[in-house]
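Trainee: Below you'll find the structure I mean.
The values are calculated or read from the model by the stated rules, or taken from the named source; none is laboratory data. Because the structure is predicted, anything quoted here is derived from the model rather than measured. In this analysis, Cβ positions are derived from the backbone assuming ideal geometry, glycine residues included, and neighbour counts consider all displayed protein chains.
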Amino acid sequence: MAKKKSATKTTSKKKTNEKIKLELKKMQTKAKLELKKAQAKFKKQEKKIKEFAKKNPKKAMAIATGLGVAIGAAAVAVTKKRKK
């Protein structure tokens, strides 16, 4: 009887592993699709930003400068917190 139980457990484990592998494949496929969507959206936004920068170079420079200052200030704040 012990052999039947272990054989049943092995078969059950194989089925579980197959289900997990199938679910993983589904998730990977879905993730790849979402990644392609995100990449397309990113390229579209990148194109818009480049067009804006060409049409409004002064505004683009001001925005970039402001973002740089904000990111720099945030980085300094985080670094100072870690030292304490």
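Trainee: In this structure, is Ala7 out of contact with any Cys (no Cβ under 9 Å at 6 or more places or on another chain), surrounded by 10 or more Cβ atoms within 10 Å (Cβ to Cβ) and modelled with pLDDT of 95 or more?
Mentor: For Ala7, the condition - out of contact with any Cys (no Cβ under 9 Å at 6 or more places or on another chain), surrounded by 10 or more Cβ atoms within 10 Å (Cβ to Cβ) and modelled with pLDDT of 95 or more - is not met.
Trainee: Could you please tell me which pairs satisfy a Cβ distance under 9 Å, a separation of 6+ or placement on different chains, a first residue in the stretch 40-69 that is in contact (Cβ under 8 Å) with a residue 24 or more places away in the chain and part of a helix (DSSP H, G or I), and a second residue that is surrounded by 10 or more Cβ atoms within 10 Å (Cβ to Cβ) and among the acidic types (Asp, Glu)?
Mentor: Matching pairs, first to second residue: none at all.
Trainee: Continuing with this model, one more query. Run Thr29 past the list (1) surrounded by fewer than 10 Cβ atoms within 10 Å (Cβ to Cβ); (2) at pLDDT 95 or above and report the number of the one that doesn't hold.
Mentor: All conditions pass for Thr29, except number (1).
Trainee: Please go through the stretch 49-61 and give me each residue that is surrounded by 10 or more Cβ atoms within 10 Å (Cβ to Cβ) and either in contact with a His (Cβ under 9 Å, 6 or more places away or on another chain) or not aliphatic (A, V, I, L, M) (or both), ordered by number.
Mentor: Lys50, Glu51, Phe52, Asn56, Pro57, Lys59
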